[in-house]
Each structure stands twice: as structure tokens, then as C-alpha cells.
Amino acid sequence: MTGQPPDEHGERALREPSDVMPQAFWAFHDLYHQAYFEYAYVQLGHQVTADKLVDQTFVFLAVIWQQVTTRENPEAFAWRLLKERVAGELEAQGRDAAASETLAFERAIRAACNPILDGFRDEFRAQVTELEDGLGLYAAMARLPERQFDVMVLQFALGFTTKRTALVMGVCEATVRSTRRAAKRRLAADLGLQVGEDIHDEE
């Protein structure tokens, strides 16, 4: 997916102070804008709305950039800000963050389920027959805790690497790996699969 250019107001609000905004802000913008858009689009299911929300998020970050840079983890702060704005937009539309009411969300979750199903087929050969249609896994994905859900969507639906997922969420790669393992264990348990001590988890 590719985000649209900022709308007229967003573009002007960002570019007018460009002579005083430090290069670090624009580096941050360039690094995370596309990832934020892809996540917002999956959740909201509407490209223009996702573009506008992400652009407004970066305008706000520009306004408070000096305070952002004093935080211990600016990446985690920006990610939380994006998540809050997405959640606010969903609430305004009367939807939950894990609702399957948009075509973009449905496609993303189904795309995420395919590689997870493949892994489960390898891990639980004798048990996975009931999962062949993916519907049980689809529903279980929507019941994951927030961080586990985000990791699975970013990695399996959007195809982000462990490193990029960690950068976007403002956490370390070890946290992404452990969260992914926990999510897989929870999914397996939710689906009634017999979970061993460790679930095979390729990078």
C-alpha cells in the first residue's frame, strides 16, 4: 500500500515551518510515515481517512517535537499517539479496533492467517484438520491482547520484519519475538490445540 500525499492543509502545516524543524524530525517522518499509514489503513479501511489521520499525527508531533525528543522512547510515544488516534476514529465510527467491518481489515487478517496456518499445520499435524477453513483462527486473532494483535498484524498481514516491527512499535526485537511467540501460544490454546513447551518460530 502507498499513502497519498498529505492533503492541502496537512502539507502546508508541515512544510511552512520546515526551515525551523530539525532534520531529525524529517528523518523520523520518512522512517515511520508509510508504516503508520499501512497500519491505519488496515484498521480504518479507508485510504483518505488513514492518510488524513497519519498526516495530522505528524503535524501534532511537529508542534511538540522538542518535548518528544526529551522522552526516553520517542518511537513508543509516537506509536501510542497513532494508536490512540486510530482508536478514537474507530470509536467515532462505532467500531472496535479488532472489528472485521472493513474490507481492508478482513483482507489483512486473512492474509495474516495464511502463514500462521501453515506454521500450525507443521507444528500440529494431527490436530489442524478443523482449522483448514481458517475461520477459527480468524476469530481467535481478533481476540488477542492489543500488543500481540499489533505484532501479528504488522508481521504477518503487512509483512514487516522483526526489526521493522520493533522500530515502528518502539520496542526491542526480543520483545517482538517474545510477543509473537506468546500470541501463537494463545492462538493455539484458544483453538484447542495441544501446545508444547515451545512453538517453532522462524524469523
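The values are calculated or read from the model by the stated rules, or taken from the named source; none is laboratory data. Small disclaimer: the values here were computed from a predicted structure and weren't measured. Note: areas computed on protein heavy atoms with side chains; ligands, DNA, RNA excluded. Shrake-Rupley method; radii C 1.70, N 1.55, O 1.52, S 1.80 Å.
Here are the numbers:
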quantity: Placed amide H near Phe160: partners under 5 Å, 5+ positions off or other chain; calculated: Gln155
quantity: Projected-area average for the stretch 27-93 over all orientations - Cα convex hull basis, square nanometres; calculated: 4.3
quantity: Solvent-accessible area, 1.4 Å probe, carbon plus sulfur percent, for the stretch 17-96; calculated: 50
